[in-house]
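See structure below.
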Number of protein chains: 2
Amino acid sequence: MDALYAELLARIEKEIKQISIPDEPKNLYEPMRYILSLGGKRVRPVLTLLGAKLFSDSFESSLSQALAVEVFHNFTLLHDDMMDGAEIRRQVPTVHKKWDENIALLSGDGMLVLAYQLIANGSPESLANRLELFSKTAMEVCEGQQLDMDYALLDEVPMEDYLKMIRLKTAVLLSGSIKLGAMNVGYYGEQLEYLTQFTESMGLAFQVQDDYLDAFGGDQFGKVSGGDILEGKRTWLTIKAFELANDDQKKRLRDAYAAPANESRIKAVMSVYSELGIESLAQTEVESRSDQAIKALELIDGNADAKKTLSWLVNQLVKRKV
Amino acid sequence: MDALYAELLARIEKEIKQISIPDEPKNLYEPMRYILSLGGKRVRPVLTLLGAKLFSDSFESSLSQALAVEVFHNFTLLHDDMMDGAEIRRQVPTVHKKWDENIALLSGDGMLVLAYQLIANGSPESLANRLELFSKTAMEVCEGQQLDMDYALLDEVPMEDYLKMIRLKTAVLLSGSIKLGAMNVGYYGEQLEYLTQFTESMGLAFQVQDDYLDAFGGDQFGKVSGGDILEGKRTWLTIKAFELANDDQKKRLRDAYAAPANESRIKAVMSVYSELGIESLAQTEVESRSDQAIKALELIDGNADAKKTLSWLVNQLVKRKV
């Protein structure tokens, strides 16, 4: 792992353990500590610290901003798991399964408030700007989640709409995370636009790569999981396939998704993917998006170590095999 | 109705219709407009405007703060209705019944973000103070709701714990509402403490009066609704009764609540209330809390019209019959 990333990650983990969360009422606060303790790549808070480091000597004063985006991200996971009826997250029960729906709902609400409390704990000069950015980002994430639920009910979704949804649901928070760090150390200049391009391209590259690996990644024995296909999940691959398919291929895709979720469905869908060259199209898309990210990064006039780590992160997120 | 209250209420209603809420995604934003359009006394936003008027010539600059507390209040109603499984609010279907649980959950989240956006839209000088007060208030309201759910599972709740829960669930938001108005026009002095005393006493008086009227208010024909008793709801009256009851009376109360929810239950509970003199104890409590509110109000050195309207409001909220 990149040395600076490792340093920032370790610091984030340490700080997460020290977030001031009261003990009582237990059913409000314990679920917050629980979900925050489950780990993960902590990409968003590390981005915040790197955003600070790009334009200043130190990331220390932006730790609270970093925690804010991680708390916010976990708030969205908590409520999204309720909406999706998900029972497991990171190998353990989701909050609404371990406790119940009411506790999950209210703890999530409290986490959103906690995120705002952490945002407030930064440089007074940039408070208004950070607050505006954070609220705009939070509302866009809600919009993305709603579009995701809306699109799940539709037969076909145009690629343009799907990319808009992914941008809102995933990319804007990555973008908000890095810009909060920059703003907190006093940077509001035109380079924020490059940070937006960098993170949004990285987010889209990562999402497509994630979809790609599920279908084409294979495990160490070359076996495809096809979990997304079994779940009937809409991904970049399905959208692209429907976009390019002729009538016969569309019918085979629809029949496959209407039939029971088993190996035959995976085979049927993968065979259409293969006819349409979806694998290489997805690879090209990931490469083109990550190239865009790297190009935007190169335009940034900031700390070289931070830039090196951001470049490493893009390659890490979109590398061919996990 | 008090002339100033009527003026402020009309203005709030007008401004609520003009809150900038996007059209799309429809399933995210329509429920927000729906719940905000259902009316109500709008006590909290009027308190905010009166808080501004107490310490300045005009309330205009605090309209956004007033809308913020009303949006926040409606966010809590939306999510609380989900937690309570309530199907009707103000004679129409609740959001999770009219749409569904997922839409209600996400729209509520979005309303909390919207409330913060409205808070941000005030005087820059007091932004940090307003934000701190608003987040603290919001978290306390979450704590109150959690305690309410926790206590619902307990056999008996000490009066002290019950009052703490009511303070968190209801009174702190009234208090936060009026103080946001005062802070937004630049008042941070020691009189904020009187505003706290005023609104928290008013909130407790109102809650006990509400409980009282349900059991002892009667309709125009003197008929008691007893809705709270039928619902098995914990109120100031039940807590007081359990506090004062001897073993026989406790047993009769427990038996009544264990038996089917019908007229006999109402009779049995009301008969214990009568033996213990709960009616006059409740009246005394309401009077003493509203006296405390009025006394705190008299200590405030502020605009006389605003004080007159606040005094009218206390009497209005706790008057004997609705």
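I'd like the full set of residues that are touching a Phe, Trp or Tyr at 6+ places or on another chain (Cβ under 9 Å) and either facing chain A (nearest Cβ under 10 Å) or among the hydroxyl-bearing types (Ser, Thr, Tyr) (or both), limited to region B:95-111. Residues satisfying the conditions are B:107, B:108, B:109, B:110, B:111.
Of the residues making up region B:298-316, those that are buried (at least 21 other Cβ atoms within 10 Å of the Cβ) and closer than 14 Å to residue B:203 by Cα are B:310, B:313, B:314.
Got at least one residue in region A:265-284 being more than 24 Å from residue A:204 (Cα to Cα) and in contact with a Gly (Cβ under 7 Å, 6 or more places away or on another chain)? For region A:265-284, residues more than 24 Å from residue A:204 (Cα to Cα) and in contact with a Gly (Cβ under 7 Å, 6 or more places away or on another chain): present. Considering region B:46-89, the residues that are under 30 Å from residue A:100 (Cα atoms) and touching a Pro at 6+ places or on another chain (Cβ under 7 Å) include one that is surrounded by the fewest Cβ atoms within 10 Å (Cβ to Cβ), namely B:87. Would it be correct to say that residue B:179 is assigned to a helix (DSSP H, G or I), touching a strand residue (DSSP E or B) at 6+ places or on another chain (Cβ under 9 Å) and away from chain A (no Cβ under 14 Å)? No; evaluated as a whole, the condition is false for this residue. Going residue by residue through region B:277-284, is there one that turns out to be surrounded by fewer than 19 Cβ atoms within 10 Å (Cβ to Cβ), assigned to a loop (DSSP other than H, G, I, E, B) and of a type in the set (Asp, Glu)? Checked against the condition, which is being surrounded by fewer than 19 Cβ atoms within 10 Å (Cβ to Cβ), assigned to a loop (DSSP other than H, G, I, E, B) and of a type in the set (Asp, Glu), region B:277-284 yields no hits at all. Restricting attention to region B:120-155, the residues that are at the interface with chain A (Cβ under 7 Å from one of its Cβ atoms), within 19 Å of the chain's Cα centre (by Cα) and touching a residue at least 12 places away in the same chain (Cβ under 8 Å) add up to 5. Being assigned to a helix (DSSP H, G or I), crowded, with 21+ Cβ neighbours inside 10 Å, under 22 Å from the mean Cα position of the chain (by Cα) and assigned by TED's automatic domain parsing to the domain that holds residue A:181 is a condition met by at least one residue of region A:24-31. Against the numbered list (1) within 21 Å of residue B:30 (Cα to Cα); (2) at the interface with another protein chain (Cβ under 8 Å from one of its Cβ atoms); (3) crowded, with 22+ Cβ neighbours inside 10 Å, residue A:114 comes up short only at (1).
Has region B:75-94 got any residue that is in contact (Cβ under 8 Å) with a residue 40 or more places away in the chain, more than 11 Å from chain A (Cβ to nearest Cβ), on the phi < 0 side of the Ramachandran plot and not aliphatic (A, V, I, L, M)? Yes, some residue in region B:75-94 is in contact (Cβ under 8 Å) with a residue 40 or more places away in the chain, more than 11 Å from chain A (Cβ to nearest Cβ), on the phi < 0 side of the Ramachandran plot and not aliphatic (A, V, I, L, M).
The values are calculated or read from the model by the stated rules, or taken from the named source; none is laboratory data. Just so it is clear, the model here is predicted, and its values are computed rather than measured. Every residue, glycine as well, gets a Cβ built from its backbone with ideal geometry; the counts of neighbours run over all protein chains shown.
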